[in-house]
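So the structure is just underneath, and the comments pick up after that.
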Amino acid sequence: MKQEIKKKALRRLRIIKGQLNGLEKMIEDEKYCIDIITQSSAVKQALSGIEDIILENHLATHAKEQLKTGQRDKLAAEILKVYKLSKKI
């Protein structure tokens with residue numbers, strides 16, 4: 001994994017942890033439902049951002065190497081898998 005991407009992903013995960021802790025506290029404190037849903041949506045968007053970062057890393061490293069070494073079928077299968085996963089959301 002590229003170090004800059006790893007650093008960025010870990011930083012964002014730490015932020016998400018804080019968001020989750022805040023969300024938990026909101027529920028414990030019985031905050032307004034719409035505020036809880038808004039915070040939950042922010043967490044989902046943040047997780048989606050993590051997926052984007054990891055996919056960027058994969059394409060820049062593993063996929064690039066697979067192309068160089070002639071593993072086109074493996075690369076196509078992985079890209080299709082990610083595409084199908086994104087459709088389930």
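The values are calculated or read from the model by the stated rules, or taken from the named source; none is laboratory data. Given the structure is predicted, the values throughout are model-derived calculations rather than measurements. Note that each Cβ is placed from the backbone with ideal geometry, even for glycine, and that neighbours are counted across all protein chains shown.
A few comments on the model shown:
- Considering residues of the stretch 39-89 that are polar (S, T, N, Q) and surrounded by 13 or more Cβ atoms within 10 Å (Cβ to Cβ) only, the residue nearest to the chain's Cα centre (by Cα): Asn57
- Candidate set: the stretch 47-89, residues that are without any contact (Cβ under 8 Å) to a residue 60 or more places away in the chain and touching a Lys or Arg at 6+ places or on another chain (Cβ under 7 Å); chosen: the one farthest from Leu13 (Cα to Cα): Gln66
- Boolean, Asp29 is among the charged types (D, E, K, R), under 27 Å from Ala77 (Cβ atoms) and exposed (fewer than 13 other Cβ atoms within 10 Å of the Cβ): no
- Near pairs, Cβ below 7 angstrom, 6+ apart or cross-chain, from the stretch 27-45 (more than 20 Å from Ala9 (Cα to Cα)) to any residue that is exposed (fewer than 11 other Cβ atoms within 10 Å of the Cβ) and modelled with pLDDT under 95: none
- Residue check, Asn21 of a type outside the set (Lys, Arg), modelled with pLDDT of 95 or more and in a helix (DSSP H, G or I): yes
- Residue that is modelled with the lowest pLDDT [pool: residues in the stretch 47-87 that are over 19 Å from Met1 (Cβ atoms) and aliphatic (A, V, I, L, M)]: Leu85
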